[in-house]
């Protein structure tokens, strides 16, 4: 997908992706010459089509998770389908764990309110969502995940329904 | 008025939406995950109800019982049965940093199936817009299959058996996703109706230059548990006819065996392979397949 500023005859540069939470998507592109910005807006069906390919316009800020599309898209998944490691607690992951995920998460703490909110996410996808928020916090130098951080990550990463 | 401007191909700067790059990365991830898999074989049929899933599961079990490291990927996302037949219960697949550990069956087969992920009795349902699902559903299922290939920790395998659903589309998906598909095993029952449907699948495999490792005629007679004789069940000899028409070997003829069916129902494939007439036929089929793969390697 490329956008051309016809007036300048310049290929436009991807700037930003927004997912307002209603199933639609907005991707903004900027002309490097005249600085004009245009937005491509997709309806829910078009957004879903892109999502079905397992790709994100503009790429992703955080690493992909195992079975990310399946876990984030299947609505009839069983609660105990996955055993995600490590378990989380308000104080962070279990100190004795040697799992790589635990080491990665070790520098990020979850507030009680954030943990409570996470517990509202279906178990089928909860562990993955937790990893994504943790990666987002690490990526942005955030030491404590709060509901506000979750809101920001959700908007930035397009974690609808998570 | 026509607006004059350059086209996509005229623009030489890379695609900044990074969509092409992500698709390339997806393919690389599949290839990387399967680098230690020596052979990947699809089991298919153009027709439903020919016993394809049981043959796939028993084939993988027979291979494992012969000392091979075997895996079974259930590519039937809508009607998955491989886990139950393999004796694997759905409970807590371990998710690690880079992948999901497959379940392991009592026969030692590494198994991945949508059956392990869905609520009991629930259909596969996707988070979706209200309408027009036909536009994206195929892409979604293809992506799920890609994730089963790329994100499951298959490890080093001698043989990965992929159980395809009825029809031909999933073979195309699989062929496009895999860096190398070593071949297909095609299942038919003896009837002429099956022959016609399965011939289309064989034709497709040939058109795509996928090696046809052989044809299996399933339900080739009824193995009576009372008298011990095998009696005719369906008219016809579709297995032999398809094999001859497509220049492929007839790998085996597997009788319908009530004892085998009962063992598959409880997921006891080890006993099925070891002690039933259908199992013995599948064991021989596994041996023929392993030999054919060895010749091709």
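None of the figures in this text is laboratory data; all of them are computed from the coordinates on show. Just so you know, these numbers come straight off a predicted model, no measurement behind them. FYI the Cβ positions are ideal-geometry reconstructions off the backbone, even for glycines, and counts take in every protein chain you see.
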Quiz item: Stokes-Einstein D for the protein assembly as shown at 20 °C, 1.002 mPa s, Kirkwood Rh over Cα pairs, in µm²/s?
Solution: 89 µm²/s
Quiz item: Given the Cα atoms of chain B, and with Rh set as the inverse mean 1/r over their pairs in the Kirkwood sense, what is Rg to Rh to two decimals?
Solution: 1.02
Self-check item: C-alpha long axis of helix B:19-33 to longest principal axis of chain B, angle in °
Solution: 30 degrees
Quiz item: Along each of its three principal axes, how wide is the spread of alpha-carbon positions in region B:166-297, in whole angstrom units, largest first?
Solution: 46, 30, 26
Practice problem: Pop a pseudo-label 7 angstrom from the Cα along the beta-carbon direction at both residue B:203 and residue A:39 and give the gap in nm to one decimal. | Solution: 5.1 nm
Quiz item: Rounded, prolate or oblate: which fits region A:23-62, taking a ≥ b ≥ c as square roots of the Cα gyration tensor eigenvalues, rounded meaning a/c under 1.5, else prolate when a/b beats b/c?
Solution: oblate
Quiz prompt | Tail fraction, Cα-Cα pairs, region B:144-187, threshold 12 Å, whole percent | solution = 66 percent
Quiz item: What's the FRET efficiency of residue B:122 with residue B:265 using the Cβ-Cβ distance as r and R₀ = 22 Å, to the nearest 0.05?
Solution: 0.60
Quiz item: For the pair residue A:148 and residue A:13, how long in nm is the line joining their label points, each one 7 Å along Cα→Cβ?
Solution: 3.1 nm
Quiz item: Between region B:17-53 and region A:5-57, how many Å separate their Cα centres?
Solution: 30 Å
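Per DSSP H run of n ≥ 4, the term is -39500 (n - 2.57); total these for the protein assembly as shown, divide by its residue number, and report the mean residue ellipticity at 222 nm rounded to 500 deg cm²/dmol.
Numbers: 16 runs with 175 residues, N = 459.
Calculated from helices alone, the mean residue ellipticity at 222 nm is -11500 deg cm²/dmol.
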Quiz item: For region B:238-286, which semi-axes, largest first and in whole Å, follow from the square roots of 5 times the eigenvalues of its Cα gyration tensor?
Solution: 25, 10, 7
Quiz item: Arranged by the count of other C-beta atoms within 10 angstrom, fewest first, what order do B:132, A:116 take?
Solution: A:116, B:132
Quiz item: Using a basic spin-label model with each label point 7 Å from the Cα along Cα→Cβ, how many nm lie between residue B:21 and residue B:6?
Solution: 1.9 nm
